[in-house]
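Participant: This is the structure I have questions about; it appears just below.
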Amino acid sequence: MFSYIISNCYSFPSSLKLAPVQTAALDPSAYCETPVYNPDLCPNMIAAQAKLVYHLNKYYNEKCQSRKAAISKTIREVCKVVSDVLKEVEVQEPRFISSLSEMDNRFEGLEVISPTEFEVVLYLNQMGVFNFVDDGSLPGCAVLKLSDGRKRSMSLWVEFITASGYLSARKIRSRFQTLVAQAVDKCSYRDVVKMVADTSEVKLRIRDRYVVQITPAFKCTGIWPRSAAHWPLPHIPWPGPNRVAEVKAEGFNLLSKECYSLNGKQSSAESDAWVLQFAEAENRLLLGGCRKKCLSVLKALRDRHLELPGQPLNNYHMKTLVSYECEKHPRESDWDENCLGDRLNGILLQLISCLQCRRCPHYFLPNLDLFQGKPHSALENAAKQTWRLAREILTNPKSLEKL
């Protein structure tokens, strides 16, 4: 029965054209909108569903909430150090103004990669003299080109413009890395923070426990990238026109960081490209119902059981799969609290399928594979571990007390 569920119920819509699966039990070309548990089937099914939801809620209240509290405490500790470093950077170079600020108990621009790894986006000013060029030649990336008739001297970032008129993400990051290295030596936390070596990214190691990547970026509002123009898919009713308008109004970010699609090619001129990021848009999509609770459970399970050699899985993969599950189950009633077990099982089973396929398409940019560059052996191991986890939860919900 379990292999039937995987092959017939949980996979991406056929429009995404995932690669053929290596085993017959995991066929991503099939697609079914029927939940694993259908309350109309029999009382035993209803009881099993209720039991699973009970234990998931208990897991959320005990494990997920304690995880959130611990991460929140860590974030405050980390942000004190990062803010101090960025103040020193700003003294040296006023163009890099710290945008790390707290609003409603949340730090704008901070993303939690794992309980010990974070990313802080540093928003830059004056992108206006550049045109945003997104022709799809670099999946997940775009370039900023000096507008016609604009002189280089009109840009705040004149020395980072290439001979071809492009604003180089690589050059800005290189300059920023030098400034951060100098700031680390001068800041008041210099005894507990140091630069991470052997990377072109700007990363700090704090108290030998936490790693924080600081990424220069431009915030883009009022436009939507051409490479994401297909979204939302016309035949899928979720998320509805009002939510679509809200999501597109959030816009996206252009990050100065290494791109998935440029692995092994960073030395080329293409490394001047900027990486597209949709963090705020994605967060807005997950409002309502048990979506965020489902993601919290997935994150906790990943941290505790899927932190594996080769780092095949991160929390962003989980977030991406929740968005795809929303498309498969577009009605708000599909995300009622009593459906939490169905949705979690669906996502875990889809995750197994993706790992077997060795492909996980970005939600807004499906040509971008989030598993690109991951060792095949690591993905296979993750598939086996996820299978064990999903089977344990499905067949014995009480096991969540020990997971």
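Participant: Using a 1.4 Å probe on the protein heavy atoms only, what accessible surface does ASP135 show? Give it in Å² to the nearest 10.
Facilitator: Rounded to the nearest 10, the figure is 100 Å².
Participant: Right, here's the next one. Given contacts defined as C-alpha pairs under 8 Å and at least six residues apart, what's the relative contact order of the chain, whole-number percent? Intermediate values should be presented prior to the final figure.
Facilitator: Details: 631 pairs, mean separation 79.4, N = 403.
It rounds to 20 percent for the chain.
Participant: Now a separate question. Once you have the Cα-Cα distance between ILE223 and SER399, take 0.36 nm times their residue separation minus that, and quote the gain in nm to one decimal.
Facilitator: On the way: separation 176, 0.36 × 176 = 63.36 nm, distance 4.69 nm.
The span from ILE223 to SER399 would gain 58.7 nm if fully extended.
Participant: Could you give the Stokes-Einstein D for the chain in µm² per second, using the C-alpha Kirkwood radius, 10 °C, 1.306 mPa s? Write down the numbers at each step before the final one.
Facilitator: Numbers: Rh = 22.6 Å.
The diffusion coefficient I find is 70 µm²/s.
Participant: Right, next: Whole number in Å², please: accessible area per residue of the chain, 1.4 Å probe, ligands, DNA and RNA not counted. It would help to have the intermediate numbers written out before the result.
Facilitator: Details: 18140 Å² over 403 residues.
The answer is 45 Å² per residue.
Participant: On a 0 to 90° scale, report how tilted helix 315-328 is relative to the longest principal axis of the chain, with both axes built from alpha carbons and the result rounded to the nearest 10.
Facilitator: For 315-328 against the chain, the angle is about 50 degrees.
Participant: Quick one: 3J(HN,Hα) in Hz for the range 106-122, Karplus 6.51/-1.76/1.60 with θ = phi - 60°, rounded, Gly and Pro as x.
Facilitator: 9, 8, 5, x, 9, 10, 8, 7, 7, x, 10, 9, 9, 10, 10, 8, 9
Participant: Hey, what angle do you get for helix 65-92 against the long axis of the chain, alpha-carbon based, 0 to 90 degrees rounded to 10?
Facilitator: Between the helix axis and the principal axis of the chain, the angle is about 10 degrees.
Participant: OK, next. Could you look at the range 45-402 and say what percent of its accessible area is carbon and sulfur, using a 1.4 Å probe and all protein chains?
Facilitator: Values: 7580 of 15570 Å².
Here it works out to 49 percent.
Participant: Now for a different question. Semi-axes of the range 308-365's equivalent ellipsoid from the Cα gyration tensor, sqrt of 5 times each eigenvalue, largest first, rounded to whole Å?
Facilitator: Values: eigenvalues 99, 32, 19 Å².
Working through the eigenvalues yields semi-axes of 22, 13, 10 Å.
Participant: Angle between the Cα long axis of helix 376-395 and the longest principal axis of the chain, 0 to 90 degrees, nearest 10?
Facilitator: The angle comes out near 40 degrees.
Participant: Under the rule of -39500 (n - 2.57) per DSSP H run of 4 or more residues, summed and divided by the residues of the chain, what mean residue ellipticity at 222 nm is obtained, to the nearest 500 deg cm²/dmol?
Facilitator: Working: 10 runs with 155 residues, N = 403.
It comes out at -12500 deg cm²/dmol, rounded to the nearest 500.
Participant: Starting from the Kirkwood radius over alpha-carbon pairs of the range 105-264, derive D by Stokes-Einstein at 37 °C in a medium of 0.692 mPa s and give it in µm² s⁻¹.
Facilitator: On the way: Rh = 18.0 Å.
Translational diffusion coefficient: 183 µm²/s.
Participant: Taking amide H positions as placed 1.01 Å from N in the peptide plane, with prolines and chain starts having none, which residues 5 or more places from VAL121, or on another chain, fall under 5 Å of its amide H?
Facilitator: So VAL121 has HN proximity to LEU110, GLU111, THR215.
The values are calculated or read from the model by the stated rules, or taken from the named source; none is laboratory data. It should be emphasised that the depicted structure is a prediction, and the values quoted were computed from it without experimental measurement. For accessibility, only protein heavy atoms count, side chains too; no ligands or nucleic acids. Shrake-Rupley method; radii C 1.70, N 1.55, O 1.52, S 1.80 Å.
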